[in-house]
1. Considering only residues that are not hydroxyl-bearing (Ser, Thr, Tyr) and not in a helix (DSSP H, G or I), look in the range 242-259 and name the one that is nearest to Gly222 (Cα to Cα).
2. Exactly one of these conditions fails for Leu11: (1) modelled with pLDDT of 95 or more; (2) closer than 18 Å to Ser87 by Cβ; (3) buried (at least 23 other Cβ atoms within 10 Å of the Cβ). Give me its number.
3. How do the pairs read when you match residues in the range 177-197 that are within 19 Å of Phe138 (Cα to Cα) and in the same structural domain as Lys47 (by TED's automatic domain parsing) with residues anywhere that are polar (S, T, N, Q) and part of a loop (DSSP other than H, G, I, E, B), using Cβ under 8 Å and keeping only pairs 6 or more apart or on different chains?
4. In the range 228-248, which residues are β-branched (Val, Ile, Thr) and crowded, with 21+ Cβ neighbours inside 10 Å?
5. Listed residues Val133, Val77; which is in contact with a Ser or Thr (Cβ under 9 Å, 6 or more places away or on another chain), assigned to a loop (DSSP other than H, G, I, E, B) and either assigned by TED's automatic domain parsing to the domain that holds Asn26 or surrounded by fewer than 21 Cβ atoms within 10 Å (Cβ to Cβ) (or both)?
6. I need the full set of residues from the range 231-283 which are in contact with a helix residue (DSSP H, G or I) (Cβ under 9 Å, 6 or more places away or on another chain) and aliphatic (A, V, I, L, M), in order please.
7. Any residue in the range 53-66 that is free of Cβ contacts under 8 Å to residues at least 60 places away in the same chain and closer than 15 Å to Gly33 by Cα sitting within a Cβ distance under 8 Å of a residue that is in a helix (DSSP H, G or I) and basic (Lys, Arg)? List the pairs, counting only those 6 or more apart or interchain.
8. Quick one: which residue in Ala139, Ala173 is assigned by TED's automatic domain parsing to the domain that holds Lys61, assigned to a strand (DSSP E or B) and more than 20 Å from Ala71 (Cα to Cα)?
Amino acid sequence: MNSDTRLLGALRQYWGYDAFRPLQENIVRSLLGGRDTCVVMPTGGGKSLCYQLPAAILQEKTVIVVSPLIALMQDQVAQLTQMGIPSALLNSSLTGDVQSWVLHKAIKGAYRLLYLSPERLAREDTIGWLRRVPVSFFAIDEAHCISEWGHEFRPEYRQLSRLREHFSELPIAAFTASATRRVRHDIIEQLKLREPDKYIASFHRPNLQYIVKECVGKTQSGLLMRALRKYADSNVIVYAPTIARVEETVDLLGEQGISAIAYHGKMESDLRRRNQERWMSDEVRVLVGTIAFGLGINKAAVLRSLAAVRRHSRRNSRSSGSIPAARLPAPEAPAGICVGSRPLSLASEATPPLLPAAGAAILRVAVFFPGTVAASHCGSPTHTSQAPQEFHFRISPKCEQI
């Protein structure tokens with residue numbers, strides 16, 4: 001069987017697709033060829049498939065995926081298992097007995113993919129254990145977190161530079177949806193990538209329309225209510241900048257007769273998992289979470305809402321038909337409303353054919369001072385007057401920041 005037949009066969013068998021999305025096949029070939037790789041690809045572009053497909057092909061080998069997001073780990077492991085690709089995760093959400101079982105099975109090569117947190121990977125006992133695991137390569141998700149120049153710098157990611165020291169013979173692949181040129185170069189330097197293959201996908205989505213609405217703090221709750229009632233039949237994520245704001249928003253929605261559940265890092269892991277499962281199963285249609293939730297989460301018919309504007313990365317739609325809209329507040333505080341997409345018909349990333357995901361598009365907006373909002377994708381800042389305004393625009397290829 002030639003390589004083309006093998007790759008397309010795995011693509012059809014596990015994902016149900018007949019063709020790769022842009023750059024995916026080249027990235028897969030780089031990883032199968034043992035090359036260090038750096039990938040900048042927007043959410044919905046199919047980053048996960050790029051390391052999951054090689055893992056499915058490389059029998060008796062394990063791809064180690066480093067991710068800071070417990071929700072993303074749980075979501076992807078559940079989907080991969082459903083697809084027939086043996087996978088597991090190791091993080092603080094597991095009991096000691098379960099962790100011991102996963103450690104034992106991994107040494108025997110039972111998993112094609114194993115998801116670890118950066119904190120777990122930094123432990124000395126983890127390094128010693130990994131030497132006994134048949135690792136094929138390391139995939140670093142959310143790789144921009146390693147850069148001090150990035151918008152989500154995480155000090156624990158700096159310790160990932162030790163991978164090259166301990167596993168000099170293994171390829172390392174870095175994946176991110178958001179990286180400026182400076183951040184991209186820092187990723188390569190910090191991870192000690194060796195002449196990596198570089199892939200930078202376009203963030204241009206011709207079918208997306210963005211609506212930015214300036215508002216004051218006292219009107220934000222009303223806008224949120226209007227948005228939720230307008231999309232009364234849709235699934236919604238409401239993003240909030242702080243845990244306290246998450247709880248306040250859940251209470252507010254309850255008072256207005258809208259059933260909602262919370263999701264944040266200070267919840268008991270069992271409750272957090274149950275809340276996610278209730279939302280995924282459509283038992284509750286509105287979930288209020290901190291901005292870490294939803295990154296890589298595949299859920300049918302998702303409408304995304306946002307109560308934070310500072311340093312929020314772009315999300316992009318894969319739909320060729322519907323045009324999602326975003327409403328972002330401007331001047332008051334990093335809190336407000338953003339309404340995302342309608343139900344979509346296409347799957348994204350590692351979603352099985354029967355589990356389509358919605359792609360919500362969020363424009364990164366920086367709030368400088370009252371009365372001013374700048375759209376970071378579109379060149380020069382767009383200044384608004386003190387009076388609330390609403391303006392519509394599209395992102396063209398000329399406006400991309402990579």
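The values are calculated or read from the model by the stated rules, or taken from the named source; none is laboratory data. No experiment lies behind these values; they were computed from the predicted model shown. Ideal geometry is used to build each Cβ from the backbone, glycine not excepted, and the neighbour counts take in all protein chains shown.
1. Restricting to residues being not hydroxyl-bearing (Ser, Thr, Tyr) and not in a helix (DSSP H, G or I), the top hit is Gln256.
2. With respect to (1) modelled with pLDDT of 95 or more; (2) closer than 18 Å to Ser87 by Cβ; (3) buried (at least 23 other Cβ atoms within 10 Å of the Cβ), Leu11 is out only on (3).
3. Taking only residues 6 or more apart or on different chains, the pairs are Ala177/Thr43; Ala177/Ser313; Asp186/Ser147; Ile187/Ser147; Gln190/Ser147.
4. Result: Val236, Ile237, Val238, Val246.
5. None of the other options fit; the residue is Val133.
6. Correct list: Val236, Ile237, Val238, Ala240, Leu252, Leu253, Ile258, Ala260, Ile261, Ala262, Met267, Met280.
7. Pairs found: Ile57/Arg6.
8. None of the others qualify; the one that does is Ala173.
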